[in-house]
Amino acid sequence: IAYMSDRGSCWEIFSCTARGTGEIRLTTGKESSLWPAWAPDGERILFVAERGGKQDLYLMKHDGTEPKALTNDRAWDGRPAWSPDGRWIAWPSEREGKMAIFVMDAAKGEARRITPLQGEADEPTWSPDGRRIAFVWNKDSFRELYVVDADGRNLRRMTTLRGQIHTPAWSPYLPAKQ
């Protein structure tokens, strides 16, 4: 189990067994490491690191070794999410001036925006089949739920609550005709 803790002067990433034993500190530093996300193969952990006053995506081995920056941008990068097959990463970023959802090929590092630059898009999560991404979008002072194909096509508003929505989560079961 990977998690973040603020027991020191900043947030750091730790892991432990499912029994709560064998805790290991995976990151160290004077700036925070946030939002760990296990790769589907269990070999790597994706996270956000605050370095030099900005937040970028990083990848490390499951034991905390070989941390590597995946993004290097002056803009804020937020909580990342792996695609179910581990080939893609989705995350919110302000790299084009406004908060939008981006996807990146995990092997090649090529990033592209898949949501419009209107309002703020945040909290991406992949569908179990990896074809779609649910996210929260604040276009008009309300956070509503949207879904977009992983390639950026077929953007759909799912709610009209005119309220504040957070933390979308897909059911692991998707009927065949959705």
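Please treat every number below as a calculation from the coordinates, not as lab data. Since the model is a prediction, treat every value here as computed from it, not as a measurement. Cβ atoms come from the backbone with ideal geometry, glycine included; neighbour counts cover every protein chain shown.
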Inset, instruction - Would you mind getting me the FRET efficiency between D63 and D129? Use the beta-carbon distance for r and R0 = 22 Å, nearest 0.05. - result: 0.10
Inset, instruction - Find which of S32, S15, L46 sits farthest along the positive direction of the dipole of the chain, computed with +1 on the beta-carbon of Lys and Arg, -1 on that of Asp and Glu, about the Cα centre. - result: L46
Inset, instruction - Run down the aspartates and glutamates and flag those whose C-alpha is under 12 Å from the C-alpha of K61, throwing out any fewer than 8 positions away in its chain. - result: D41, E43
Inset, instruction - Normalising by the residue count of segment 1-143, find the relative contact order in percent from Cα pairs under 8 Å and 6+ residues apart. - result: 13
Inset, instruction - First select every other residue whose beta carbon is under 13 angstrom from the beta carbon of E12; then total the charges, Lys and Arg +1, Asp and Glu -1. - result: -1
Inset, instruction - Identify all lysines with a Cα-Cα distance to K68 below 20 Å; exclude those on the same chain that are fewer than 8 residues away in sequence. - result: K30, K54, K108
